[in-house]
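Below is one structure, written out as structure tokens; comments come after it.
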Amino acid sequence: MRDNFNNEIDIVTVSSSKIDSVDFDNLPFGSIFTDHMFVCDFRDGQWQKPQIKPYEPFMIDPSAKVFHYGQAIFEGMKAYRDEHDDVWLFRPDQNIHRLNKSAARMAMPEIPEEIFMAGLQKLIDLERNWVKKGLGNSLYIRPFMIAIGSGVIAAPSTQYRFMIILSPAKSYYSGEVKVLIADHYSRAANGGIGAAKAAGNYSAQFYPTKLANEKGFQQVIWTDDATHTKLEEAGTMNVFFRINDTLYTAPTSERILDGVTRKSLIAIAKRDGIQVEERSVLVSELVEAAKNGSLKEIFGAGTAAVVNPICGFSYEDVYYEVPKQEHSIALDLKEKLTKIQYRMADDTFGWMVKIEG
Ligand SMILES: *Cc1c(COP(=O)(O)O)cnc(C)c1O
């Protein structure tokens with residue numbers, strides 16, 4: 001295996017950047033992309049020479065497996081610019097490991113870590129002007145892999161395309177989030193693909209989430225598929241509950257995505273003496289805690305928003321409000337994590353990886 005792909009990426013750059021036409025003060029999340037993209041194809045049993053080229057649409061055969069059988073996985077991560085104008089990634093090792101775990105589950109080929117890392121380094125270095133300074137500004141990174149082999153035969157493809165695209169982002173604030181606790185639909189099941197970051201997990205959520213939206217809730221808190229008694233994730237985020245001064249979050253499993261934000265918040269909480277328990281929380285416990293006043297906070301955790309406070313939940317047509325806290329552990333942890341990401345606090349865990357110029 002070649003040990004340094006950095007020098008082996010074919011690079012074709014745009015003749016002029018579109019950056020000056022972008023209004024960085026009004027960025028809709030995830031719909032503007034930078035000038036270039038990273039592409040690496042898999043065929044004949046191996047990964048081909050990677051390329052960086054202008055961001056543009058491409059052609060795939062209408063019978064490509066991704067369209068018919070949904071072999072598609074992705075990652076979500078961010079790059080940040082610090083006070084000294086250096087650009088940093090947050091725990092990219094976690095993303096490549098998870099991507100390859102997703103790939104294995106979807107019968108897709110694993111990507112060599114050096115292709116992934118060299119692609120990120122080179123592409124983000126080329127696009128570093130798109131990473132703006134200041135808390136809240138970031139570059140959202142979307143690595144993904146699709147099956148591009150043709151043929152409507154229900155078997156894994158022999159050809160794949162791995163790509164990285166980049167989208168400038170502002171801090172993501174979703175407002176007050178009310179959630180509905182799922183009592184019928186499920187996001188994931190034992191033996192299923194819930195632990196993979198697979199595209200199909202998202203499409204499966206759209207309909208139940210739409211039903212929840214129609215009832216005035218922004219998100220669904222997913223429960224275990226077998227009994228609907230255990231709280232698992234909030235929308236596409238991991239979920240934490242604060243009861244008195246202890247944080248609870250479900251252990252990762254076949255049904256629960258192993259979130260980088262989740263594990264990082266747990267690490268910071270433990271470092272700072274906040275009690276965290278990784279165990280299943282029952283819906284009945286949550287309702288009880290809401291009734292007796294010990295429920296202090298609920299929040300989602302994920303790369304896009306870091307922490308997304310939840311202000312109330314509905315279960316069996318009863319709405320329970322989460323009382324406003326003077327001192328929010330959720331917002332405290334969010335600030336601590338964000339400061340590490342923007343290099344405003346010591347990176348005591350060694351999580352940050354610099355983009356080399
Ligand atoms: C991506 C994702 C998360 C959050 O993962 P992060 O690595 O923290 O961004 C949580 N749950 C689901 C279902 C996800 O797809």
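The values are calculated or read from the model by the stated rules, or taken from the named source; none is laboratory data. Given the structure is predicted, the values throughout are model-derived calculations rather than measurements. Methodologically, a virtual Cβ is constructed for each residue, glycine included, from the backbone with ideal geometry; neighbour enumeration extends over all protein chains shown.
Here are the criteria: (1) under 16 Å from the mean Cα position of the chain (by Cα); (2) touching a residue at least 40 places away in the same chain (Cβ under 8 Å); (3) closer than 24 Å to G192 by Cα. Tell me which single one M106 does not satisfy.
Result: M106 fails condition (1) only.
Give the range 93-133 a look and list any residue that's of a type in the set (D, E) and either part of a loop (DSSP other than H, G, I, E, B) or away from the ligand (no atom under 14 Å from the Cβ) (or both), or say none. Spell out the reasoning first.
To start, the set of residues in the range 93-133 that are of a type in the set (D, E) comprises 93, 110, 113-114, 125, 127.
Within the range 93-133, E110, E113, E114, D125, E127 qualify.
May I ask you to list the residues in the range 5-35 that are surrounded by 14 or more Cβ atoms within 10 Å (Cβ to Cβ) and under 24 Å from G149 (Cα atoms)?
I9
Restricting attention to the range 145-192, report how many residues are in contact with a Phe, Trp or Tyr (Cβ under 9 Å, 6 or more places away or on another chain), part of a loop (DSSP other than H, G, I, E, B) and closer than 30 Å to V87 by Cα.
2
For the range 149-193, name all the residues that are more than 30 Å from V131 (Cβ to Cβ) and among the β-branched types (V, I, T).
Across the range 149-193, the qualifying residues are V152, I153, T158, V179, I181, I193.
For the range 211-224, give me the residue count where each residue is more than 10 Å from the ligand (Cβ to nearest atom) and crowded, with 18+ Cβ neighbours inside 10 Å.
Of all residues in the range 211-224, those more than 10 Å from the ligand (Cβ to nearest atom) come to 211-221, 223-224.
Keeping just the survivors that are crowded, with 18+ Cβ neighbours inside 10 Å gives 212, 217-221, 223-224.
Qualifying residue count for the region: 8.
Of the residues that sit in the range 235-244 and are aliphatic (A, V, I, L, M) and within 18 Å of Q325 (Cβ to Cβ), which one is nearest to the ligand (Cβ to nearest atom)? Don't jump to the end; show me each part of the working.
Of the residues in the range 235-244, the ones aliphatic (A, V, I, L, M) are 237, 239, 243.
Those left that are additionally within 18 Å of Q325 (Cβ to Cβ): 239, 243.
Values: V239: 9, I243: 21 Å.
Within the range 235-244, the match that is nearest to the ligand (Cβ to nearest atom) is V239.
Inside the range 109-145, can you point out the residues that are under 18 Å from the mean Cα position of the chain (by Cα) and charged (D, E, K, R)?
R142
Quick one: which residue in Y173, Y160 is more than 15 Å from the ligand (Cβ to nearest atom) and closer than 21 Å to E110 by Cβ? Give the derivation first.
On the way: Y173 fails: closer than 21 Å to E110 by Cβ.
Just one listed residue meets the conditions, Y160.
Let's see how each residue does on (1) more than 16 Å from the chain's Cα centre (by Cα); (2) within 13 Å of the ligand (Cβ to nearest atom); (3) touching a residue at least 12 places away in the same chain (Cβ under 8 Å):
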| site | (1), (2), (3) |
| --- | --- |
| P251 | yes, no, yes |
| L257 | no, yes, yes |
| L265 | no, yes, yes |
| K270 | yes, no, no |
| I274 | yes, no, yes |
| R279 | yes, no, yes |
| K291 | yes, no, yes |
| G302 | no, yes, yes |
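Which fully enclosed strands (runs of 3 or more DSSP E) of the range 249-357 have 2 or more residues being in the same structural domain as K230 (by TED's automatic domain parsing)? Even if it seems obvious, please write down each step before you answer.
Working: elements: 275-278, 295-302, 306-315, 318-321, 352-354.
Answer list for the range 249-357: 275-278, 295-302, 306-315, 318-321.
Condition test on L99, is it touching an Asp or Glu at 6+ places or on another chain (Cβ under 9 Å) and under 25 Å from Y140 (Cα atoms)?
Working: touching an Asp or Glu at 6+ places or on another chain (Cβ under 9 Å): yes; under 25 Å from Y140 (Cα atoms): yes.
Here the answer is yes, as L99 does meet what is asked.
Within 15 Å of the ligand (Cβ to nearest atom), in contact with a helix residue (DSSP H, G or I) (Cβ under 6 Å, 6 or more places away or on another chain) and touching a residue at least 24 places away in the same chain (Cβ under 8 Å), is that true of L295?
Working: within 15 Å of the ligand (Cβ to nearest atom): no; in contact with a helix residue (DSSP H, G or I) (Cβ under 6 Å, 6 or more places away or on another chain): yes; touching a residue at least 24 places away in the same chain (Cβ under 8 Å): yes.
The answer is no for L295.
Does D86 fit the bill of being loosely packed, with under 12 Cβ neighbours inside 10 Å and modelled with pLDDT of 95 or more? Step through it out loud before you land on a result.
Working: loosely packed, with under 12 Cβ neighbours inside 10 Å: no; modelled with pLDDT of 95 or more: yes.
So D86 does not fit the description; no.
Report every pair of residues separated by at least 6 positions or lying on different chains whose Cβ atoms are under 9 Å apart, first residue within the range 11-32 and over 19 Å from Y140 (Cβ atoms), second among the polar types (S, T, N, Q).
I11/Q51; V12/Q51
Within the range 239-249, take every residue that is surrounded by fewer than 16 Cβ atoms within 10 Å (Cβ to Cβ) and touching a residue at least 40 places away in the same chain (Cβ under 8 Å) and give me the one that is nearest to H97 (Cα to Cα). Step through it out loud before you land on a result.
Taking the range 239-249 first, the residues surrounded by fewer than 16 Cβ atoms within 10 Å (Cβ to Cβ) are 244-246.
This time we only want the ones that are touching a residue at least 40 places away in the same chain (Cβ under 8 Å), so: 244-245.
On the way: N244: 35, D245: 33 Å.
Step by step, filter the range 239-249, then rank; the result is D245.
Suppose we filter A195, A204 for residues that are assigned to a helix (DSSP H, G or I), within 11 Å of the ligand (Cβ to nearest atom), surrounded by fewer than 22 Cβ atoms within 10 Å (Cβ to Cβ) and small (G, A, S); which single one remains? Talk me through it step by step, then tell me what you get.
On the way: A195 fails: assigned to a helix (DSSP H, G or I).
The match here is A204.
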